[in-house]
Amino acid sequence: MSQRRRSPDVTPPKEVQRAQAHRERHRIHAELQEVADLVSAGLDPDDCHEPGAAWKPVSHKDPEVAREKLAKSARPKRHWKLKMWKRRSATRQAKAEALRLTDL
């Protein structure tokens, strides 16, 4: 259960894909509207930067950036899964048992 949707091969659900496509279409539409406003204000169309579907700003939701970050910072092991932690716990339990036996 904890590994669900962590693989890059798994495609997101249809609702998520539709929402992402809608956001992208809306963003491009807004950018094109800005270009149209600039052209109607008198700017030469050749001087405008026209966005397209391939034009995307780098964001924190970029999957390539996320994969690179994950590769750079490998998650350290959980401390309670290390032998050092288990030895420390065993020692602590042994001391507590010895203290209980001496108190009786």
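State yes or no: is residue 57 surrounded by 10 or more Cβ atoms within 10 Å (Cβ to Cβ) and at pLDDT below 75? Let's see the steps before the verdict.
Values: surrounded by 10 or more Cβ atoms within 10 Å (Cβ to Cβ): no; at pLDDT below 75: yes.
No: the conditions fail for residue 57.
Mind checking which pairs have a first residue in the range 21-39 that is surrounded by 13 or more Cβ atoms within 10 Å (Cβ to Cβ) and a second that is part of a helix (DSSP H, G or I), Cβ under 7 Å, 6 or more apart or different chains?
Close Cβ pairs satisfying both conditions: 39/45.
Pick from the range 60-96 the residues that are surrounded by 10 or more Cβ atoms within 10 Å (Cβ to Cβ) and of a type in the set (Asp, Glu): which of them is farthest from residue 20 (Cα to Cα)?
68
The values are calculated or read from the model by the stated rules, or taken from the named source; none is laboratory data. Keep in mind it's a predicted model, so treat the numbers as computed, not measured. Neighbour counts are summed over all protein chains in view; Cβ atoms, including those assigned to glycine, are modelled from backbone coordinates with ideal geometry.
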